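Okay, so here's the structure we're looking at.
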Amino acid sequence: MNHVFSVNWKLFFLTLVLLAVLPMSTSAQGDSNDIASVSPTSAMLGDTNVTVTITLVESTVPLPPSEVAPNQVMIGTLAGSNTNWNGQQITAMFDFSAATTGKQDVTVEFLSPDGTLPPFTLDDGFEIVDSNFLVYLPLVVKGAPTTSNTPTVVSNTPTVVSNTPTVVSNTPTVVSNTATSVSTTPTTMSNTATPTATSSETTPTATTAPSTQSYPIVDTNQTKCYDNASESSCPSSGASFYGQDAQHTGNQPSYTDNDNNTITDNVTGLMWQKSADTDSDGDIDADDKLTWTELQAYPNTLNAQNYGGHNDWRLPTIKELYSLILFSGTDPSGYEESDTSSLIPFIDTTYFDFAYGDTSAGERVIDAQYGSSTLYVSNSNILFGVNFADGRIKGYGLTLGPTDKTFFVICVRGNSSYGQNSFVDNGDNTITDQATGLIWSKSDSGTGLNWQEALAWVQTKNAENYLGHNDWRLPDVKELQSILDYTRSPDSSSSAAIDPLFNVTSINNEAENADYPFYWASTTHVSWNGTAGSADYMAFGRGLGYMNNSWVDVHGAGTQRSDPKQGDPADDEYIYGHGPQGDAIRIYNYVRLVR
């Protein structure tokens, strides 16, 4: 063993010497120079199902996606499959089981109405490596961050990255959405992340500062435990309802008021506007809400003002916006009074200004929907938003009858990598997201369970030492949302809204169509009157509602709603959904384990 470490150290230092004498700004110039970055930048010969993300320089995207689409994505002579295009980003899946090693050109060919678009190429933009010892050389491309001289080391043999040798086995294969930033110190990929509380612990340890991940998830702030109906004492390991949200405490919410109408989230690194008071009249009401067209123009207004001393404001993605939600809030659905002083919103009002719906303008109390930049991939007339009044993500139509729907908005800046996953298939039926530090089971429960059964099923898997671990848990709702892929849906990609690395059980939905499940979260959805009969879920398939005597995908794959913890879904009160849009009720949802 010591001899092996000695050989690796010699090779590592030899690599450093070579890097010191090589030119470090190896900017690859493509034929059209319109590709900003490729992620990941390399793969091992033999890798399969590798998702490669290609980001085009924003100013060069010639036409909107409705008018032009990528026809083919090539790495060298290999053609990608499952091509998707979202904004400036194109993804395609590659099979490197039989490929030419070495640096390869990355090319994107387009279909356009007049057929005049040239291919976009990044010379030597990807490397296929046949080696047991990889050194990722810096690749500097237009629009990408500059990397340091220190390589990132991945090895199939034990690798030393500190004074104490660390043995790493089962080198994972990066197959999707590798983060674009490159580490400034030697980094060893591992199949394990920072340990969380094990199943035998009843008092969680709070994390008050984020790790080095680019996508740290802010805790839900739910500190109370619940049974099927109401608040209860937190159960011990082995008891019913053990393992719910309050019993695992992650990155605690932490904010800084910058005294210039901006708030910094100390966990995510994102900076936010303090208030949705877009007309600057000192209050938040219906007049502050914007249409989709106005939402898109609003960041330009802030940037022209150099708002808060910055000119790089943007509309938040749905994942960025959801980072602000806190499930210490209570849902006012059914609340019929106009006095909202006793209600608790799903956002920290110590730092952020907030108002419920403007009842004087004919709105409901719950009408506090905040718009994001994320349109539903299956229907560009649906915009995902977060409702900080009732604690949900829904897809909202851009119009309400003959008029445009309007939304509250707060813009964001900083940490442009937030919300981007970096999945690694560990080869043992687990998947690590290097961006969040979480490890997930590759497969789901395979059957629907009510909420109490879901929590019990997790305890059973821990007792079995499932996949070699006994500290699995039911994810909280924000952890679960982190693995949603808003570029996928049943109707746009014939898949669940999740990276294809994951196995997803197929179901028949209420309309008797092929679909994908809702997944339970460990988070209870508490009502304004203290009742706690529902728990939150994320929809990885269609977000159905029963409207006009038929089931439609009213809220989209990627919605977060809540369902009853117990009961019979065949009861008359459930079979045609709930609420004005007939939200589908599924009491038996699926489980995806996390640790």
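Computed quantities for the displayed model
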{"item": "Residue in region 579-590 that is farther than 21 Å from Tyr335 by Cβ, charged (D, E, K, R) and under 24 Å from the mean Cα position of the chain (by Cα) present", "result": "yes"}
{"item": "Test: Ala532 is of a type outside the set (D, E, K, R), part of a strand (DSSP E or B) and either touching a strand residue (DSSP E or B) at 6+ places or on another chain (Cβ under 7 Å) or free of Cβ contacts under 8 Å to residues at least 40 places away in the same chain (or both)", "result": "no"}
{"item": "Number of the condition not met by Thr559 [criteria: (1) in contact with an Asp or Glu (Cβ under 7 Å, 6 or more places away or on another chain); (2) of a type in the set (Ser, Thr, Tyr); (3) closer than 30 Å to Thr399 by Cα; (4) touching a residue at least 60 places away in the same chain (Cβ under 8 Å)]", "result": "(1)"}
{"item": "Residue that is farthest from the chain's Cα centre (by Cα), among those in region 404-429 that are open to solvent by 30 Å² or more (accessible area, probe 1.4 Å) and not charged (D, E, K, R)", "result": "Thr406"}
{"item": "Residue in region 457-492 that is nearest to Gly238 (Cα to Cα), counting only those that are crowded, with 19+ Cβ neighbours inside 10 Å and small (Gly, Ala, Ser)", "result": "Ser482"}
{"item": "Residue count, region 512-541 (criterion: farther than 17 Å from Phe384 by Cβ and of a type in the set (D, E, K, R))", "result": "2"}
{"item": "Hits in region 217-265 (condition: touching a helix residue (DSSP H, G or I) at 6+ places or on another chain (Cβ under 7 Å), open to solvent by less than 20 Å² (accessible area, probe 1.4 Å) and over 27 Å from Tyr537 (Cα atoms))", "result": "Thr262"}
{"item": "Number of the condition not met by Asp312 [criteria: (1) open to solvent by less than 50 Å² (accessible area, probe 1.4 Å); (2) closer than 27 Å to Thr436 by Cβ; (3) under 24 Å from the mean Cα position of the chain (by Cα)]", "result": "(1)"}
{"item": "Test: residue in region 538-545 that is on the phi > 0 side of the Ramachandran plot and within 17 Å of the chain's Cα centre (by Cα)", "result": "no"}
{"item": "Residue match in region 102-110 (condition: under 29 Å from Asn503 (Cβ atoms), open to solvent by 60 Å² or more (accessible area, probe 1.4 Å) and modelled with pLDDT of 80 or more)", "result": "no"}
{"item": "Members of region 111-120 that are assigned to a strand (DSSP E or B) and either open to solvent by less than 60 Å² (accessible area, probe 1.4 Å) or modelled with pLDDT of 75 or more (or both)", "result": "Phe120"}
{"item": "Tally, over region 459-498, of residues that are among the acidic types (Asp, Glu) and closer than 30 Å to His578 by Cβ", "result": "4"}
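Yes/no per residue for (1) within 29 Å of Gly419 (Cβ to Cβ); (2) modelled with pLDDT of 95 or more; (3) in a strand (DSSP E or B):
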site	(1), (2), (3)
Leu501	yes, yes, no
Thr505	yes, yes, no
Thr523	yes, yes, yes
Tyr537	yes, yes, yes
Gly541	yes, yes, no
Arg561	yes, yes, yes
Asp568	no, no, no
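Residues checked against (1) part of a loop (DSSP other than H, G, I, E, B); (2) open to solvent by 50 Å² or more (accessible area, probe 1.4 Å); (3) polar (S, T, N, Q):
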residue	(1), (2), (3)
Val267	yes, no, no
Trp272	no, no, no
Asp287	no, yes, no
Gln296	no, yes, yes
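The values are calculated or read from the model by the stated rules, or taken from the named source; none is laboratory data. Quick caveat, the model's predicted, so the values are computed rather than measured. Don't worry about glycine lacking a Cβ; one is built from the backbone with ideal geometry, like all the others, and counts go over all protein chains shown. Areas reflect the complete protein model, heavy atoms only, side chains present, ligands, DNA and RNA absent. Shrake-Rupley method; radii C 1.70, N 1.55, O 1.52, S 1.80 Å.
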